[in-house]
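Working notes for the structure below.
The values are calculated or read from the model by the stated rules, or taken from the named source; none is laboratory data. This structure is a prediction, so every number in the text was calculated from the model and none was measured. Cβ placement follows ideal geometry from the backbone for every residue including glycine, while neighbour counts extend to all protein chains displayed. Calculation scope for accessible area: heavy atoms of the full protein, side chains included, ligands and nucleic acids excluded. Shrake-Rupley method; radii C 1.70, N 1.55, O 1.52, S 1.80 Å.
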Amino acid sequence: MLRKLSFTLSLLAGLFSLAGGATAADKMTVLLDWFVNPDHATLVIAKEKGFFEAQGLDVELIAPSDPNVPPKLVAAGQAELAVSYQPQLHLQVAEGLPIARVGTLVATPLNSLVVLKDSPVKSISDLKGLKVGYSVGGFEDVILDAMLERHGLSIKDVELINVNFSLSPSLISGQVDAVIGAFRNFELNQMDIVGKPGRAFYVEEEGVPSYDELILIANKDNTGDKKLPRFLTGLEQATTFLINHPDESWQLFIKAYPDLDDELNKRAWRDTLPRFALRPAALDVGRYKRFAEFLKAKKMIKETGNVSDYAVTIK
């Protein structure tokens, strides 16, 4: 009798175990802004270390074939989240895209104006009459104009050349004298590795209000999604782990993406670490307001709007 009871209890325990194991995690899709790189380290670590899983989430990270598409797909409700940029958020909201910032990945600008280290350009004022390469028209030239203005120049005092995302090569080859839009954690390292070190002028030190470089956006109507607080909790745990254990985190990163195990990404990893948002859910309303006012002054948007209409704190 005791043997039968023991068997029955074991069977019931097994059934309950199976039932618990069969409970599916909530799926979430995150569209990246570009191919996977160290800028996405906190997302990768949250997934690989199991922080998302511990929150009952099955998160899929997808690199886009076209980096312009993710915000549109989120606006259309075809993905829960996308990685984007604060400056683009202001412009896209002004165009009527129903999206909102719900989290921050990289909390400082990465954008910079770069020249060769041995260039005769020692100050931004030295750019007068020279060639400046860019990749993304409309925004980067506005950033450049603000930097030039601080030194008594304007965008009309330089020759703009579209180098089509070939920033470092165009500078190294002498096609241009400077490039705007170079990420300080990548382009500077790339140039140093090939023996052509560069020197950066940082946008936030040259007349441009500081801003969040990489953010997470959601459909404006979906900011109440109950999965979002859990997602951001997992992301914050991953950020803490990454900062405390950078070497172990790097091993997890390259295990997941072995093709990124090279000198450039290793250096970029090191240089991006201090720039991650330690509190991804936290929102600096003043920062968003100041940047909106900057864009309005530069005639990039007509109205600044209310920050609460396009940036929220998830609780």
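Consider Ile161 against the criteria (1) of a type outside the set (Asp, Glu); (2) touching a Lys or Arg at 6+ places or on another chain (Cβ under 7 Å); (3) open to solvent by 30 Å² or more (accessible area, probe 1.4 Å); (4) in a helix (DSSP H, G or I): it satisfies all of them except one. Which criterion is unmet? The one condition Ile161 does not meet is (4).
Within region 214-267, restricting attention to residues that are farther than 29 Å from Val194 by Cα, of a type in the set (Lys, Arg) and in contact (Cβ under 8 Å) with a residue 40 or more places away in the chain, the residue that is most open to solvent (accessible area, probe 1.4 Å) is Lys220.
The residues of region 268-289 that are of a type in the set (D, E, K, R), outside any loop (DSSP other than H, G, I, E, B) and surrounded by 15 or more Cβ atoms within 10 Å (Cβ to Cβ), listed by number, are Asp271, Arg275, Arg287, Lys289. Taking region 139-184 as the range and being within 23 Å of the chain's Cα centre (by Cα) and touching a residue at least 60 places away in the same chain (Cβ under 8 Å) as the test, the residues that pass are Phe139, Val142, Ile143, Ala146, Met147, Val179, Ile180, Gly181, Ala182, Phe183, Arg184. Any idea which of (1) touching a Ser or Thr at 6+ places or on another chain (Cβ under 7 Å); (2) surrounded by fewer than 19 Cβ atoms within 10 Å (Cβ to Cβ); (3) of a type outside the set (Asp, Glu) is the one Ala292 doesn't satisfy? Failing condition for Ala292: (2).
Of the residues Ala79, Ala41, Ala100, which is modelled with pLDDT of 95 or more, part of a loop (DSSP other than H, G, I, E, B), open to solvent by less than 30 Å² (accessible area, probe 1.4 Å) and not charged (D, E, K, R)? Full working, then the answer.
Values: Ala41 fails: part of a loop (DSSP other than H, G, I, E, B); Ala100 fails: part of a loop (DSSP other than H, G, I, E, B).
Every option except Ala79 fails the conditions.
Take the conditions within 26 Å of Lys298 (Cα to Cα) and β-branched (Val, Ile, Thr) and apply them to Val194. Does it pass?
On the way: within 26 Å of Lys298 (Cα to Cα): no; β-branched (Val, Ile, Thr): yes.
Spelling it out, it is not the case that Val194 is within 26 Å of Lys298 (Cα to Cα) and β-branched (Val, Ile, Thr).
Of all residues in region 60-67, none satisfies being touching a Phe, Trp or Tyr at 6+ places or on another chain (Cβ under 7 Å), part of a helix (DSSP H, G or I) and within 30 Å of Asp177 (Cβ to Cβ).
Among the residues in region 60-67, are any over 17 Å from the mean Cα position of the chain (by Cα), modelled with pLDDT of 95 or more and surrounded by 15 or more Cβ atoms within 10 Å (Cβ to Cβ)? Before the answer, list the steps.
Of the residues in region 60-67, the ones over 17 Å from the mean Cα position of the chain (by Cα) are none.
No, because not a single residue in region 60-67 is over 17 Å from the mean Cα position of the chain (by Cα), modelled with pLDDT of 95 or more and surrounded by 15 or more Cβ atoms within 10 Å (Cβ to Cβ).
Mind checking whether some residue in region 225-241 is assigned to a loop (DSSP other than H, G, I, E, B), touching a helix residue (DSSP H, G or I) at 6+ places or on another chain (Cβ under 8 Å) and either modelled with pLDDT under 95 or within 24 Å of Glu80 (Cα to Cα) (or both)? No; the residues of region 225-241 include none that is assigned to a loop (DSSP other than H, G, I, E, B), touching a helix residue (DSSP H, G or I) at 6+ places or on another chain (Cβ under 8 Å) and either modelled with pLDDT under 95 or within 24 Å of Glu80 (Cα to Cα) (or both).
Taking the criterion of being assigned to a helix (DSSP H, G or I) and crowded, with 22+ Cβ neighbours inside 10 Å, the residues of region 190-213 that qualify are Met191, Val203.
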